[in-house]
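Okay, so here's the structure we're looking at.
The values are calculated or read from the model by the stated rules, or taken from the named source; none is laboratory data. Keep in mind it's a predicted model, so treat the numbers as computed, not measured. Here the Cβ is made from the backbone with ideal geometry for all residues, glycine too, and neighbour counts use every protein chain on show. Ligands, DNA and RNA are stripped out before the accessible areas are found, and what is left, the full protein with its side chains, is counted by its heavy atoms. Shrake-Rupley method; radii C 1.70, N 1.55, O 1.52, S 1.80 Å.
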Amino acid sequence: MKILVCISKAPDTTAKIAFTDGDTKFDENGVQFIVNPYDEWYALVRGLELKEANGGSVTVINVGRADSDPVIRKALAIGADDAVRIDADTTDALYVAKQIANYAKENAYDMVLCGKETIDYNGSQVAGMIAELMNAPYVSLASKLDMNGNTATIERDIEGGVEVVETATPFVLSSAKGMAEARIPNMRGIMAARTKPLNVVAASEANNATTIKGFSLPPAKSGCKYVDADNVEELVNLLHNEAKAI
Amino acid sequence: MSVLVYADSNNGTLTKNAFEAASYGAQIAQANGTNAVAVVVGSASGLEDLGNYGIAKVLHLSDASLDNFDPQKITGIIAAAAQQEGASTIIFSHDFSGKSVAPRLSAKLDAGMVTGAVALPNGNVIKKAVFSGKAFAEVEVNTDTKIIAVLPNSVDKVTTGGSASVEAFSCDIPSSGLTVKEIKKESTELSLTEADIVVSAGRGLKGPENWGMIEDLAKELGAATACSRPVADIGWRPHHEHVGQTGFAIRPNLYFAIGISGAIQHLAGVNGSKVIVVINTDAEAPFFKAADYGIVGDAFEVVPKLVEAVKKLKA
Ligand SMILES: Cc1cc2nc3c(=O)[nH]c(=O)nc-3n(C[C@H](O)[C@H](O)[C@H](O)COP(=O)(O)OP(=O)(O)OC[C@H]3O[C@@H](n4cnc5c(N)ncnc54)[C@H](O)[C@@H]3O)c2cc1C
Ligand SMILES: Nc1ncnc2c1ncn2[C@@H]1O[C@H](COP(=O)(O)O)[C@@H](O)[C@H]1O
């Protein structure tokens, strides 16, 4: 089973969100970068579990510059066999998807596993785009993936429940909570990661379909209005008459 | 150059998010002096109602073989409808269905796409939520055709009192390798991601046996229940109630956070709520910084009183 896992580099979940260059760039000062959590905890670990059960290989792929290499090494330390970095700046989802789809088509993977979204740009775009470019089925927000030969049974989140779908390889999915339990790399994995192949390849020609013009922060909350614990009726009154929320 | 809206239906009824997407698309059409057309796929009724949100015409492809949601087929259908209508702007809701279809369509049409839009476009520039609701980005679409997926409960719906004409639509339906085997609904109760009011509780409640008062409050308010991650992880509450960065992201009108500290990862999933009420014994709990209303107090005393006060209001 040949598995491709897409990993992106993301700021740590507790990072301070600030901008520089006239609010056109994310301020990376003092920010620690991690593997995007959904990619690492769910897509990568489920990929590894399937390989352990059925044989095959897990390749991680990232579109980015050399500053992605530490997070790629982390994925190798958790257990991926090898890595590919497509050397490009990433500002647009369709651009990223084209890079990954081109690579995946050339190398005939059985499945392409992504995270449900990146925690910085919150796109939920790249995985579905890859699927269309590969003309393959796409299952979004998958919380369970089981393989039986070439047939995948997948559960995906829907409004108020889950839907169970079946598809044959090759397919693309985006992973949400439930797919797998996060793994912590051990010392052996970390040592092995240093010598595993990380192939840097040139990007293919593509345009950016979108451009980020600037960032802003939401207006600060005007402050919390406190109600005395002995005066709960006042809270109900405020919610009804002032906030008009009940 | 009309505006096309994908209006999703669930069990034959249009969803709340479909009406939001319709209103958003109709407002863009009006600003550009053109019409908004909606596409509905599969058996569904009440489609004229889209007119009340500014849709002029509904294209309905009601083939029963499409009753099971299939993103690959729907992508092909929307592309055909967009071509027929000469649509250059295509609108989705950024919900479960939108996330399955819109990115496919973007790749198919080679059209730039912005998801999580929180405001009407300003020319080709669209404001979207980023960093899990902690910031916004202004994104310019560089292609002639653009796709926008609207963040649920973040753009005002405008009603027009109109009624839409409904036309049967047909086109070649692409093949798809996906088969829906089963749909499992968690419960018949109100769905968390669509609820207007959500009552949520955390580790401050000490144990699963104490959730009765939370359910009572939710029942009185017609609200859905939610919980923090550790509560779902220890198994006090079912996993589908977990909200936050790793659970569901929700944007209700009113969110009650009871015995939840307000960690950044929790806030990431609820900070889009319009009004936040925090009940916590610790006056220093970080959640109060994100709150609109707060009570520093013991949930075991405050919540039962709150249930009574709401009962009184509703009576
Ligand atoms: C990568 C990552 C992702 C995460 N994702 C999520 C996520 O998606 N969702 C999420 O919720 N968390 C998430 N977390 C965990 C998060 O950091 C917090 O640990 C968690 O939200 C804390 O849950 P809590 O507020 O219920 O518990 P606690 O932090 O233990 O807080 C309990 C609160 O209850 C109050 N309290 C105690 N007794 C009472 C009482 N009698 N009455 C009223 N108040 C009382 C206390 O003062 C305290 O503020 C994530 C963490 C990481 C590292
Ligand atoms: N630069 C990238 N390199 C590799 N994979 C990516 C990249 N950006 C996004 N992805 C994958 O696509 C998923 C969805 O990303 P997004 O559409 O940006 O929210 C992520 O969880 C990753 O699995």
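Residues of region B:186-198 being free of Cβ contacts under 8 Å to residues at least 60 places away in the same chain and either assigned to a helix (DSSP H, G or I) or among the charged types (D, E, K, R) (or both), which ones?
Residues of region B:186-198 free of Cβ contacts under 8 Å to residues at least 60 places away in the same chain: B:186-192, B:195-197.
Residues satisfying the conditions are B:E186, B:E189, B:D196.
Select from region A:106-130 the residues that are more than 28 Å from B:E138 (Cβ to Cβ) and either over 16 Å from the mean Cα position of the chain (by Cα) or within 11 Å of another protein chain (Cβ to nearest Cβ) (or both) and list them in ascending order. Scanning region A:106-130 gives A:E106, A:N107, A:A108, A:Y109, A:D110.
Exactly one residue out of A:A88, A:A131, A:A93 is within 14 Å of ligand 2 (Cβ to nearest atom), surrounded by fewer than 24 Cβ atoms within 10 Å (Cβ to Cβ) and on the phi < 0 side of the Ramachandran plot: that is A:A88. Summed over region A:49-58, the residues that are closer than 14 Å to A:D110 by Cα and either touching a helix residue (DSSP H, G or I) at 6+ places or on another chain (Cβ under 8 Å) or open to solvent by 10 Å² or more (accessible area, probe 1.4 Å) (or both) give a count of 6.
The single condition among (1) touching a helix residue (DSSP H, G or I) at 6+ places or on another chain (Cβ under 8 Å); (2) more than 11 Å from ligand 2 (Cβ to nearest atom); (3) more than 7 Å from chain B (Cβ to nearest Cβ) that A:Y138 does not satisfy is (3). The set of residues in region A:182-200 that are under 21 Å from the mean Cα position of the chain (by Cα), open to solvent by 50 Å² or more (accessible area, probe 1.4 Å) and more than 14 Å from chain B (Cβ to nearest Cβ) comprises A:R183, A:I184, A:N199, A:V200. Residues in region A:147-161 that are closer than 15 Å to A:K2 by Cα and either modelled with pLDDT under 95 or surrounded by fewer than 21 Cβ atoms within 10 Å (Cβ to Cβ) (or both): A:M147, A:N148, A:G149, A:N150, A:T151.
Condition first: within 10 Å of another protein chain (Cβ to nearest Cβ) and either under 16 Å from A:K225 (Cβ atoms) or within 6 Å of ligand 1 (Cβ to nearest atom) (or both). Now tell me which residues in region B:262-272 satisfy that. Let's see the steps before the verdict.
Filtering region B:262-272 down to residues within 10 Å of another protein chain (Cβ to nearest Cβ) leaves B:263-265, B:268, B:271-272.
B:A263, B:Q265, listed by residue number.
How about region B:100-155: which strands (runs of 3 or more DSSP E) wholly inside it have at least 3 residues that are without any contact (Cβ under 8 Å) to a residue 24 or more places away in the chain and more than 7 Å from chain A (Cβ to nearest Cβ)? Can you show your working first?
Working: elements: B:112-117, B:125-130, B:135-141, B:146-150.
So the answer is B:125-130.
Being open to solvent by less than 60 Å² (accessible area, probe 1.4 Å), of a type in the set (K, R) and in contact (Cβ under 8 Å) with a residue 12 or more places away in the chain is a condition met by no residue of region B:288-306. Selection within region B:238-266: residues that are of a type in the set (A, V, I, L, M) and closer than 22 Å to A:I246 by Cα. The member of this set that is nearest to ligand 2 (Cβ to nearest atom) is B:A249.
Total residues in region B:89-103 satisfying the condition of being touching a Ser or Thr at 6+ places or on another chain (Cβ under 6 Å) and either open to solvent by less than 20 Å² (accessible area, probe 1.4 Å) or farther than 14 Å from A:A127 by Cβ (or both): the figure is 3.
Selection of region B:221-236 for residues being within 17 Å of B:R203 (Cα to Cα), crowded, with 22+ Cβ neighbours inside 10 Å and more than 10 Å from ligand 1 (Cβ to nearest atom) yields only B:T225. The numbered conditions (1) open to solvent by 10 Å² or more (accessible area, probe 1.4 Å); (2) away from ligand 1 (no atom under 16 Å from the Cβ); (3) among the β-branched types (V, I, T) are all true for A:T118 except (2). Counted as qualifying within region A:1-80 are the strands (runs of 3 or more DSSP E) with 1 or more residues that are within 9 Å of ligand 2 (Cβ to nearest atom), namely A:2-6, A:9-11, A:57-64. Tell me, which residue of region B:146-177 that is of a type in the set (A, V, I, L, M, F, W, C) and out of contact with any Leu (no Cβ under 9 Å at 6 or more places or on another chain) is most open to solvent (accessible area, probe 1.4 Å)? Per the criteria, the residue is B:V158.
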